[in-house]
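Asks: If you scroll down you'll find the structure; I have some questions about it.
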Number of protein chains: 2
Amino acid sequence: MKKILNDPQNVLDEMLDGFVYANGHLVERVAGTGVIRRTYEDKGKVALVSGGGSGHEPSHAGFVGQGMLSAAVCGEVFTSPTPDQIFEGIKAADQGGGVLLIIKNYTGDVMNFEMAGEMAEAEGITVDHIIVNDDIAVEDSSFTAGRRGVAGTIIVHKIVGAAAEAGLSLQSLKVLGETVIENTKTIGVSILPATVPAVGKPGFELGDDEMEYGVGIHGEPGYRKEKLKSSKEIAEELILKLKEAFGWSKGDKYGVLVNGLGATPLMEQYVFMNDVANKLTEEGLNIQFKKVGSFMTSIDMAGVSLTLIKIVEEKWLDYWNHEVKTVDWM
Amino acid sequence: MKKILNDPQNVLDEMLDGFVYANGHLVERVAGTGVIRRTYEDKGKVALVSGGGSGHEPSHAGFVGQGMLSAAVCGEVFTSPTPDQIFEGIKAADQGGGVLLIIKNYTGDVMNFEMAGEMAEAEGITVDHIIVNDDIAVEDSSFTAGRRGVAGTIIVHKIVGAAAEAGLSLQSLKVLGETVIENTKTIGVSILPATVPAVGKPGFELGDDEMEYGVGIHGEPGYRKEKLKSSKEIAEELILKLKEAFGWSKGDKYGVLVNGLGATPLMEQYVFMNDVANKLTEEGLNIQFKKVGSFMTSIDMAGVSLTLIKIVEEKWLDYWNHEVKTVDWM
């Protein structure tokens, strides 16, 4: 394992302290916890809390701030935060208007966030939740019943975050979030596996000339290994899968997110975006917004994912374009 | 070589097209060139043009936009753009107020940017330039007489960019830029080398357990190879080198930039930032701003660099904090 670290057991603490040191104008850490909350207060409005295991940086702490998340609960690397920690996050985020939990669909996350929600309800905080399951690669997985939650989660943060700032009720935000989730689908490829610091070796194996379609953001198995394909071929296969899942028609309105998985440089992400653009144009889709970057990573995994969201309401575009103040979204 | 690409000879074109497709609300490509210019116009003010070989993404095109660069000239990977290309960039950027070129100190870049400046002067555009040489690792290098220009260039873009928007004259911006450069110093480490797509293999060698201090952003040799050290030890050595170069005293005001070199995930960058923070606190410096991210990369090199800037004028902080609209700075 070749990483710039100290004690692999201490990564979470040191990373969060470094994050808060660098970004103290936007975020703070709730002492003794893995909770990062925004310094911005929005009294009376619904607070959004997300999080999960660490190793997906800048998710989720990088999206805490005005117009997106109120707080992120950061567990150990690839490990769900405990209900106690999430409960701390809910309390830190609550502004008196209730709290919506945005949970990626992993069994541990769902269980722990729901339990924390019940703990908060018992203390008089109104809590509801939505579960993101955008990864169409496989049904059920190592840590998941159903489909996994991956990069589409960031789109949920953005759209629901802007709506929360606009003052929508908890119930309306839940409905909005669920509609966005229904219309958001992702699929990715990995060309190099990730290494969890405390484990010290890659989570799965790939030959020197191999790639894998559909790998999860914790290295969960995908649906096919084969020789490394060109960017264009990868774009074509992923878009074919998305087309099957969406069943789109020419002229339909979509937004697109190309996401780097951690060790993939922007050079490759933009080449891939170019192939995606060509293919989407060929499909005749009406693309309303585009975004490229490493937003939902898997530590040092190399690879990309492609997320499409079908724009069901024009209002979503306003929410998408609404200005935010976070560390990693602009 | 394991990368998500098509023809390695065609990377620049595809990457720029992907970049502009994704970010057409902020930037456009001057047809048939490697020039990315902002869509924002600022008539009568001084335009800033930077650039150089590609492979340092998001530098420099990601910093084109209101409040930073007017245009970036993107050469082939690790290859200076030609004078013709830079001349196109100058013409595309000029708003009638003259053009300041921000050049990283590599022999080819300096020669070609200066030649382009003369071509533009011959057509009646007032041009001046500044040369960034912030890398204190070594004196002279594979492609450089004197010190190399690396991540400190981004600080120059930010501060001089805000000053240009504020309406400073070409002469004042040149003086400001040169003062910022005098007070900006960087040093880095590499733990994995970069691979230029058209070459297909790493630019230098490092053993499985080795790192190198002072490697340049094109893989130029540094000053010492040794066994991989901890983040804390790396932070201590780099800060010691910077201390020798600056000769600081307790209470001096500085800004700090931790920069990932391409394949290094934010997890490691933040752990490293935490060690840097502890050491700077021990040194008694008064840190006025901090920033962490992959801004000046070397394709898929793994490693980090550390830049410090001595704050000589309070006004620099206003320029630093001034809002910008670019793809990759916020």
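Asks: Given the conditions (1) open to solvent by less than 40 Å² (accessible area, probe 1.4 Å); (2) within 14 Å of chain A (Cβ to nearest Cβ); (3) not in a loop (DSSP other than H, G, I, E, B), which single one is not true for B:Ser50?
Replies: The single condition B:Ser50 does not satisfy is (2).
Asks: To continue, here is another question. Answer yes or no as to whether A:Leu168 is open to solvent by 10 Å² or more (accessible area, probe 1.4 Å), over 23 Å from A:Leu12 (Cα atoms), modelled with pLDDT of 95 or more and not in a helix (DSSP H, G or I).
Replies: Answer is yes for this residue.
Asks: Pick from A:Thr307, A:Thr326, A:Thr297: which is farther than 22 Å from A:Glu220 by Cα, within 17 Å of the chain's Cα centre (by Cα), of a type outside the set (A, V, I, L, M, F, W, C) and at pLDDT 95 or above?
Replies: A:Thr326
Asks: Residues in region A:87-101: is at least one surrounded by fewer than 17 Cβ atoms within 10 Å (Cβ to Cβ) and assigned to a helix (DSSP H, G or I)?
Replies: no
Asks: Test B:Ile4 against the criterion of being assigned to a loop (DSSP other than H, G, I, E, B) and crowded, with 24+ Cβ neighbours inside 10 Å, and give yes or no. Step through it out loud before you land on a result.
Replies: On the way: assigned to a loop (DSSP other than H, G, I, E, B): yes; crowded, with 24+ Cβ neighbours inside 10 Å: yes.
The answer is yes for B:Ile4.
Asks: Here's a follow-up. When you scan region A:216-233, do you find a residue that is within 30 Å of A:Thr79 (Cβ to Cβ), in contact with a helix residue (DSSP H, G or I) (Cβ under 8 Å, 6 or more places away or on another chain), assigned by TED's automatic domain parsing to the domain that holds A:Gly260 and open to solvent by less than 10 Å² (accessible area, probe 1.4 Å), even just one?
Replies: Of region A:216-233, the ones within 30 Å of A:Thr79 (Cβ to Cβ) are A:216-225.
Still in the list and also in contact with a helix residue (DSSP H, G or I) (Cβ under 8 Å, 6 or more places away or on another chain): none.
No, region A:216-233 contains no residue that is within 30 Å of A:Thr79 (Cβ to Cβ), in contact with a helix residue (DSSP H, G or I) (Cβ under 8 Å, 6 or more places away or on another chain), assigned by TED's automatic domain parsing to the domain that holds A:Gly260 and open to solvent by less than 10 Å² (accessible area, probe 1.4 Å).
Asks: Still on this structure, please answer the following. Could you give every pair whose Cβ atoms fall below 8 Å, whose first residue belongs to region B:1-23 and is closer than 18 Å to A:Ile234 by Cα and at the interface with another protein chain (Cβ under 7 Å from one of its Cβ atoms), and whose second residue is among the small types (Gly, Ala, Ser) and open to solvent by 50 Å² or more (accessible area, probe 1.4 Å), counting only separations of at least 6 or pairs across chains?
Replies: B:Val11/B:Ala198
Asks: Can you say whether B:Val64 is farther than 25 Å from B:Ala263 by Cβ and under 13 Å from the mean Cα position of the chain (by Cα), as far as the supplied structure shows? Show your work before the answer.
Replies: On the way: farther than 25 Å from B:Ala263 by Cβ: no; under 13 Å from the mean Cα position of the chain (by Cα): yes.
Here the answer is no, as B:Val64 does not meet what is asked.
Asks: Under the condition of being open to solvent by 10 Å² or more (accessible area, probe 1.4 Å) and not in a loop (DSSP other than H, G, I, E, B), which residue from region B:21-46 is farthest from B:Ala61 (Cα to Cα)?
Replies: B:Tyr21
Asks: Within the group A:Leu257, A:Leu261, A:Leu192, which residue is open to solvent by 30 Å² or more (accessible area, probe 1.4 Å) and either at pLDDT below 95 or within 30 Å of A:Ile4 (Cα to Cα) (or both)? Don't jump to the end; show me each part of the working.
Replies: Numbers: A:Leu257 fails: open to solvent by 30 Å² or more (accessible area, probe 1.4 Å); A:Leu261 fails: open to solvent by 30 Å² or more (accessible area, probe 1.4 Å).
Unique residue meeting the criteria: A:Leu192.
Asks: Output the residues belonging to region B:278-305 that are touching a strand residue (DSSP E or B) at 6+ places or on another chain (Cβ under 9 Å) and assigned to a loop (DSSP other than H, G, I, E, B). It would help to see each step written out before you state the result.
Replies: The initial filter retains those residues of region B:278-305 that are touching a strand residue (DSSP E or B) at 6+ places or on another chain (Cβ under 9 Å), namely B:280-281, B:285-305.
B:Leu285, B:Ser294, B:Phe295, B:Met296, B:Thr297, B:Ser298, B:Ile299, B:Asp300 - these are the residues of region B:278-305 that are touching a strand residue (DSSP E or B) at 6+ places or on another chain (Cβ under 9 Å) and assigned to a loop (DSSP other than H, G, I, E, B).
Asks: Name the single residue, out of those in region B:245-254 being surrounded by 10 or more Cβ atoms within 10 Å (Cβ to Cβ) and either farther than 16 Å from B:Ile136 by Cβ or free of Cβ contacts under 8 Å to residues at least 12 places away in the same chain (or both), that is farthest from the chain's Cα centre (by Cα). Before you say what the answer is, go through the steps one by one.
Replies: Start the filter on region B:245-254 by keeping residues that are surrounded by 10 or more Cβ atoms within 10 Å (Cβ to Cβ), which leaves B:245-246, B:248, B:252-254.
Next, from what is left, pick out any that are either farther than 16 Å from B:Ile136 by Cβ or free of Cβ contacts under 8 Å to residues at least 12 places away in the same chain (or both): B:252-253.
Values: B:Asp252: 24, B:Lys253: 22 Å.
Checked region B:245-254; the qualifying residue farthest from the chain's Cα centre (by Cα) is B:Asp252.
Asks: Here is a follow-up. Applying the selection to region A:118-153, what residues are within 12 Å of the chain's Cα centre (by Cα) and in a helix (DSSP H, G or I)? Walk me through how you get there before you give the answer.
Replies: Kept after step one, since they are within 12 Å of the chain's Cα centre (by Cα), are these residues of region A:118-153: A:131-135, A:148-153.
A:Gly152, A:Thr153, listed by residue number.
Asks: Here is a further query. Do the conditions hold for B:Ile239, that is, is it of a type in the set (Val, Ile, Thr), touching a residue at least 60 places away in the same chain (Cβ under 8 Å) and on the phi > 0 side of the Ramachandran plot? Reasoning before the result, please.
Replies: On the way: of a type in the set (Val, Ile, Thr): yes; touching a residue at least 60 places away in the same chain (Cβ under 8 Å): yes; on the phi > 0 side of the Ramachandran plot: no.
In short, no.
Asks: Right, next: Among the residues of region B:37-57, is any touching a residue at least 60 places away in the same chain (Cβ under 8 Å) and of a type in the set (S, T, N, Q)?
Replies: The answer is yes, given that some residue of region B:37-57 is touching a residue at least 60 places away in the same chain (Cβ under 8 Å) and of a type in the set (S, T, N, Q).
Asks: Show the residue pairs that are 6+ apart or on different chains and have beta-carbon atoms under 6 Å apart, the first residue being within region A:131-152 and outside the structural domain of A:Gly219 (by TED's automatic domain parsing), the second being modelled with pLDDT under 90.
Replies: A:Arg148/A:Ser141
Asks: Out of the residues in region B:180-201 that are in a loop (DSSP other than H, G, I, E, B) and not aliphatic (A, V, I, L, M), which is nearest to the other protein chains (Cβ to nearest Cβ)? Working first, answer last.
Replies: Here is the first cut: in region B:180-201, the residues in a loop (DSSP other than H, G, I, E, B) are B:183, B:193-194, B:196-201.
Now restrict to residues that are not aliphatic (A, V, I, L, M): B:183, B:193, B:197, B:200-201.
Values: B:Asn183: 21, B:Pro193: 12, B:Pro197: 8, B:Gly200: 13, B:Lys201: 13 Å.
The residue in question is B:Pro197.
Asks: Any chance region A:74-86 includes a residue that's in a strand (DSSP E or B) and open to solvent by less than 10 Å² (accessible area, probe 1.4 Å)?
Replies: Residues of region A:74-86 in a strand (DSSP E or B): A:74-77.
Cutting the leftovers down to open to solvent by less than 10 Å² (accessible area, probe 1.4 Å) gives us A:75.
Yes, region A:74-86 contains a residue that is in a strand (DSSP E or B) and open to solvent by less than 10 Å² (accessible area, probe 1.4 Å).
Asks: Is it the case that region A:274-294 has a residue that's in contact (Cβ under 8 Å) with a residue 40 or more places away in the chain and under 18 Å from the mean Cα position of the chain (by Cα)?
Replies: Yes, region A:274-294 contains a residue that is in contact (Cβ under 8 Å) with a residue 40 or more places away in the chain and under 18 Å from the mean Cα position of the chain (by Cα).
Asks: Another question, if that's okay. For a quick check of your reading of the model, give me the residue pairs whose first member lies in region A:90-110 and is over 24 Å from A:Thr39 (Cβ atoms), whose second is open to solvent by 10 Å² or more (accessible area, probe 1.4 Å) and at pLDDT 95 or above, with beta-carbon atoms closer than 6 Å and at least 6 apart or on different chains.
Replies: A:Ile103/A:Val110; A:Ile103/A:His129; A:Ile103/A:Ile131; A:Asn105/A:Ile131; A:Asn105/A:Asn133; A:Gly108/A:Ser80; A:Asp109/A:Ser80
The values are calculated or read from the model by the stated rules, or taken from the named source; none is laboratory data. All values derive from a computational prediction rather than experimental measurement. With ideal geometry, Cβ positions are generated from the backbone for all residues, glycine too; neighbour counts draw on all protein chains shown. For accessibility, only protein heavy atoms count, side chains too; no ligands or nucleic acids. Shrake-Rupley method; radii C 1.70, N 1.55, O 1.52, S 1.80 Å.
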